[in-house]
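Here the structure is laid out as structure tokens; the discussion comes afterwards.
Every number in this text was worked out from the coordinates using simple rules, so none of it is lab data. On a predicted model such as this, the values are computed, not experimentally measured, just so you know. Using ideal geometry, Cβ is built from the backbone for each residue, glycine included, and neighbour counts are taken over all protein chains shown.
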Amino acid sequence: MFTDFNLKVIEPAELVDTARTLKAEGYRMVQICATRIPDAYELTYSFDKDLELQHYRVILPEGQDIQSITDSYFAAFVYENEIKDLFGINITHIALDFQGGFFVTNEPTPWKGSK
């Protein structure tokens with residue numbers, strides 16, 4: 001069940017299956033947004049079908065890995081590499097993984113320690 005603004009909080013383990021289901025139902029991926037919250041990261045995945053957005057939010061505890069959705073949405077590799085480089089989140093099985101070299105920054109993972 002969706003709450004305001006079609007936002008549903010899901011567990012990290014549900015993400016890949018959710019993405020596969022949405023792809024099969026004809027949704028397109030719109031964006032992935034990451035932000036730092038105390039002791040965790042908040043990842044919001046947005047999808048669209050027929051001009052209606054659906055948002056899925058994952059609260060990822062510090063130090064926990066999350067699996068890529070590039071098997072369903074190849075273009076997610078851009079967002080996932082960005083998140084990996086800037087926040088230091090380990091996203092596994094990215095179809096096109098730049099191994100921390102997607103961005104050149106003065107300091108590695110500049111937003112990892114930001115709270």
Vicinal HN-Hα couplings computed from phi for the range 102-110 (Karplus, 6.51 cos²θ - 1.76 cosθ + 1.60; Hz; Gly/Pro x): 6, 10, 9, 10, 5, 10, x, 6, x
So for the range 59-106, using the alpha carbon gyration tensor with a ≥ b ≥ c as root eigenvalues (a/c under 1.5 gives rounded; past that, a/b versus b/c decides prolate or oblate), I'd call it oblate
What does the helix-only formula give at 222 nm for the chain: each DSSP H stretch with n ≥ 4 adding -39500 (n - 2.57), the total divided by the residues, and the result rounded to the nearest 500 deg cm²/dmol? -6000 deg cm²/dmol
In the neighbourhood of Thr18 defined by beta carbon distances under 12 Å, the net charge of the other residues (Lys, Arg +1; Asp, Glu -1) is 0
Quick one: if you take sqrt(5λ) for each eigenvalue of the C-alpha gyration tensor of the chain, what semi-axes come out, biggest first, whole angstrom? 24, 16, 12
Which residues qualify? For Val30, with a placed amide H closer than 5 Å and at least 5 residues away or on another chain, they are Ser46, Phe47, Asp48
With Cβ to Cβ distances under 12 Å as the rule, what net charge do the other residues near Gln64 carry (K, R +1; D, E -1)? -4
In order through the range 65-75: 3J(HN,Hα) via Karplus (6.51 cos²θ - 1.76 cosθ + 1.60), integer Hz, x for Gly, Pro: 7, 9, 8, 5, 9, 5, 5, 9, 10, 4, 4
Give me the percent relative contact order of the chain, please, defined on Cα pairs under 8 angstrom at least 6 residues apart. 23
So which aspartates and glutamates pass the test for Lys112, namely a Cα distance under 20 Å, with those fewer than 8 places away in the same chain ruled out? Asp39, Glu42, Glu62, Asp65, Glu80, Glu82, Asp85, Asp97
Mean separation of Cα contacts under 8 Å (at least 6 apart) over the residue count of the range 10-62, i.e. the relative contact order in percent, is 35
Label point distance in nm, Glu42-Lys112, each placed 7 Å from Cα along Cα→Cβ: 2.3
Extension reserve of the Leu51-Val16 stretch, reckoned as 0.36 nm per residue once the Cα distance is removed: 10.3 nm
Count the net charge of all other residues whose Cβ sits under 11 Å from the Cβ of Ile91, scoring Lys and Arg as +1 and Asp and Glu as -1. -4
Extension length gain for Asp71 and Val30 (0.36 nm per residue less Cα distance), in nm, is 13.2 nm
